[in-house]
Every structure is written in structure tokens, then in C-alpha cells.
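Below: one structure, written as C-alpha cells.
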Amino acid sequence: KESTLHLVLRLRGGAKKTVCDCEGCSDRVAMIIGDCKYCAQKFCGAHRLPEAHQCTSLSSCKAEAFERNAQKLEKEKCVAAKV
């Protein structure tokens, strides 16, 4: 029969706790929101934003946001009917 010790430890808080990847920070990683989708590192609540942890992929993050906003504005563009 397979051991369930790993499940019990996780429920009791005995599993390994990960710390923030930001240099000099020893806070625990914020679950779900602490994962940076641009540099694939894990951060605490204070460093979860790309600007807060000096993300190495910040330029691609800004370019992606710019493109998303540009597409949104193009969809909402009003065109007057010609008379």
C-alpha cells in the first residue's frame, strides 16, 4: 500500500516552505499570485509584481501590455458613417 505521509505533512504544515526569490527577502512565497509569468520565479506578496522584483523580462511585459491595449482600442474605435 502506498504511503500517505507526504499528504499528512502538507496538511499539518510540515512540508517544505519556499521563500521569496528576491535577493535579501526571507518571506514566504504567496501561493498562486506569487508566480511571475515572465521570469518563472516565485515571490512573496511584496515582490510579486514585475516592477517590484526588477524582472529580467520587464521589457517584454511592457510590450505585451502595450499590444493588448492597442488591440482593445482598435476594437472600440468609433467610425462615423459617411454622408
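The values are calculated or read from the model by the stated rules, or taken from the named source; none is laboratory data. Note that the coordinates shown come from a computational prediction; the quantities given were computed from them, not determined experimentally. When we count neighbours, we look across all protein chains shown, and the Cβ atoms used for this are built from the backbone with ideal geometry, even at glycine. Surface areas here come from the heavy atoms of the whole protein model, side chains and all, with no ligands, DNA or RNA. Shrake-Rupley method; radii C 1.70, N 1.55, O 1.52, S 1.80 Å.
Worth pointing out:
- Here A30 clears all of (1) among the small types (G, A, S); (2) exposed (fewer than 12 other Cβ atoms within 10 Å of the Cβ); (3) within 30 Å of T4 (Cβ to Cβ) except the condition numbered (2).
- Close pairs from region 47-63: first on the phi > 0 side of the Ramachandran plot, partner open to solvent by less than 60 Å² (accessible area, probe 1.4 Å), Cβ under 9 Å, at least 6 apart: Q54/C22
Residue by residue, here is whether (1) over 10 Å from the mean Cα position of the chain (by Cα); (2) not in a loop (DSSP other than H, G, I, E, B) holds:
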site: I32; (1), (2): no, no
site: R48; (1), (2): no, no
site: H53; (1), (2): yes, no
site: T56; (1), (2): yes, no
site: S59; (1), (2): yes, yes
site: A63; (1), (2): yes, yes
site: F66; (1), (2): yes, yes
site: V79; (1), (2): yes, no
site: K82; (1), (2): yes, no
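- Matching residues in region 35-68 - criterion: being loosely packed, with under 11 Cβ neighbours inside 10 Å and within 16 Å of C20 (Cα to Cα): K37, A40, E51
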